[in-house]
Amino acid sequence: MILGQHFLIDHSVVDTIVSHAELGPQDWVLEIGPGEGILTRELAARAGLVYAVEIDPDLAANLCSLAANVQVIHADALTFPLPEYNKIVSNLPYSISSKITYRLLARPFDLAVLMFQKEFALRLRAQTGSKNYGRLGMVAGFFSHIEILENVSRKSFRPVPEVDSMIVRLRPRKERPQVDPRAFMRMADMLFRNRRKKVKKGLAAYGIDKMTISELDRTLINMRPEELTPDQVAGLLMAAEASKRD
């Protein structure tokens, strides 16, 4: 294991991931953490172009001769300026699941098929008011429609991790409220930093003044963060911004 990565070794899982990605020669695919290239090979066989972003220099070097339509990028996917792509297909490294997911959600894409640890996938897909619902579920639910497609046994990886994984497909929500993505993510962060408090506490932490908060929907601001849908949060954000302009 290099840099905490668990390498996918089950070709049937690779076939499943690729089939759900609906790939064709018109697609430019981003793969993060390609590792030894088991998924990269299949992506290259179906897509027009594959950007394989690998932080480990030895693994990146080994990938360079994989296929003519694979562009290997030796870089940290959390900080490197990502290229243009329309699909994301990855067995994401566990250690960066949260940070890279937030980064990818805020960027444009047509479709993403990603593999996460089971517990993370359940939090990603969590519904408002459920025990797993938190900042991750709120943000993911605002940006995307989320499907859990398959369970993946821990035995599909080398070395074997302690937990099973899940394959998840995300499609961007075209009908979502039009608020600034970074503002929404910061709002969600502030709300769940104060998750035991009422929503108005999180709004104040976000930087909204007391007078503006007092003019917002009283029912919503007196709820707990885990009780709010993503669109209700967006509505509060838009109302607060409108109040400032007035």
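Report, in debye and to the nearest 20, how large the dipole of the range 181-245 comes out about its Cα centre when Lys and Arg carry +1 and Asp and Glu carry -1 on their Cβ. Mind showing how you got there, number by number?
Values: 14 positive and 8 negative charges, 69 e Å.
Using Cβ point charges on Lys, Arg, Asp and Glu, the range 181-245 gives about 340 debye.
Regarding the range 181-245, what's the average projected area of the Cα-atom convex hull, expressed in nm²? Working shown, then result.
Values: hull surface 14.9 nm².
Approximately 3.7 nm², given one-decimal rounding.
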Cα extents of the range 19-99 per principal axis, largest first, Å, are 29, 27, 21
When the charge dipole of the range 1-89 is computed with +1 at the Cβ of Lys and Arg and -1 at the Cβ of Asp and Glu, the Cα pointing farthest to the positive end, of Thr79, Ile55, Leu23, is that of Leu23
Taking springs between alpha-carbon atoms closer than 10 angstrom, which of Val163, Val13, Val50 fluctuates most in the Gaussian network model of the chain?
Val163
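Arrange the peptides 186-196, 215-225, 30-40 so that the one whose residues have, on average, the most other Cβ atoms within 10 Å appears first.
Peptide ranking by packing, descending: 30-40, 186-196, 215-225.
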For the range 26-60 and the range 141-176, what is the separation of their Cα centres, given in Å?
18
Most exposed to least, judged by fewest other Cβ atoms within 10 Å, Lys200, Lys131, Lys99 sort to Lys131, Lys99, Lys200
If we restrict to alpha carbons, what Rg and Dmax does the range 7-172 come to, in Å?
14.9, 49
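Per-residue counts of other Cβ atoms within 10 Å, averaged by peptide: what ranking do you get for 168-180, 116-128, highest first? Write out the running numbers ahead of the final one.
Numbers: 168-180: 14.9, 116-128: 19.1.
Packing order, densest peptide first, comes out as 116-128, 168-180.
As a check on your grasp of the helix formula, calculate [θ] at 222 nm for the chain: sum -39500 (n - 2.57) over DSSP H runs of n ≥ 4, divide by the residue count, round to the nearest 500. Walk me through the intermediate numbers first.
Working: 11 runs with 97 residues, N = 246.
Calculated mean residue ellipticity at 222 nm is -11000 deg cm²/dmol.
Using the Cα centre of the chain as the reference point, and only Cβ charges (+1 on K/R, -1 on D/E), how large is the resulting charge dipole? Debye, rounded to the nearest 20. Spell out each step's value before the answer.
Working: 33 positive and 29 negative charges, 266 e Å.
Result for the chain is approximately 1280 debye, rounded to the nearest 20.
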Give me the percent relative contact order of the range 7-172, please, defined on Cα pairs under 8 angstrom at least 6 residues apart.
22
Sorting Met115, Ala67, Ser144 by the position of each Cα along the dipole of the range 7-172 (Lys, Arg +1; Asp, Glu -1; all at Cβ), the one nearest the positive end of that ordering is Ser144
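Readers should treat all values here as calculations from the given coordinates under stated rules, not as data from a laboratory. Since the structure is predicted, the reported quantities are computational estimates derived from the model, not experimental observations. A quick note on method: Cβ atoms are made from the backbone with ideal geometry, for glycine too, and the neighbour counts reach across all protein chains shown.
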